[in-house]
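Data block below; observations after.
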């Protein structure tokens, strides 16, 4: 570069530096930044055991109000005292057995639905452990309701001390089909499962 006295320097083009040590072929792919994926949350078992046992105990006690409400809603069956001293059902009255069963199933479906959604609201305990406790507790509640149904129904349908031939007696309803216990836990598990599927997150939202 030369510079005249009192004038500007003459510009000189400088060639670009070329690193002859790097050789790229046509198949070279530049590296992309690596995105680290957060680990998927694991199923929590130990921390949820005690709350799940508490939930199981609470849910199973729902069988008491279920049995009480059923005893108020289920229809009785009218029977007449025969000449042999036995109770004989009147025509069409035997259908009330299925009515009593239908009432129990409807109550179980409603309580199970509310139980499943209610347990889902326990955000910090969402998961399969609480779901299993919800199903087992609902099954225990339905079984307890069947056991207590006869006790509560006896309050509203007392049996007279003396019966004569031709007397008509309103007999208390009863539950004899044990598969009725499936209604309440089925709807409870269905409600909990639908809520989990609708949530769509890996941790079911329990850490938010």
Q) For region 94-116, does any single residue satisfy the condition of being in contact (Cβ under 8 Å) with a residue 24 or more places away in the chain and within 22 Å of residue 201 (Cβ to Cβ)? A) yes
Q. What is the residue count in region 149-208 for residues that are at pLDDT 80 or above, exposed (fewer than 12 other Cβ atoms within 10 Å of the Cβ) and over 24 Å from residue 97 (Cα atoms)?
A. 2
Q: Scan 50, 90, 121 and give me the residue that is modelled with pLDDT under 95, exposed (fewer than 14 other Cβ atoms within 10 Å of the Cβ) and under 20 Å from residue 187 (Cα atoms).
A: 121
Q. Among the listed residues 104, 56, which satisfies the condition of being touching a helix residue (DSSP H, G or I) at 6+ places or on another chain (Cβ under 6 Å), modelled with pLDDT of 95 or more and more than 20 Å from residue 179 (Cβ to Cβ)?
A. 56
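Among the listed residues 109, 61, which satisfies the condition of being modelled with pLDDT of 95 or more, within 29 Å of residue 136 (Cα to Cα), within 36 Å of the chain's Cα centre (by Cα) and loosely packed, with under 15 Cβ neighbours inside 10 Å?
On the way: 109 fails: loosely packed, with under 15 Cβ neighbours inside 10 Å.
Among 109, 61, only 61 is modelled with pLDDT of 95 or more, within 29 Å of residue 136 (Cα to Cα), within 36 Å of the chain's Cα centre (by Cα) and loosely packed, with under 15 Cβ neighbours inside 10 Å.
The values are calculated or read from the model by the stated rules, or taken from the named source; none is laboratory data. Note that the structure is a prediction, hence the values are computed from the model and not measured. Every residue, glycine among them, receives a Cβ derived from its backbone with ideal geometry; neighbour counts consider all protein chains shown.
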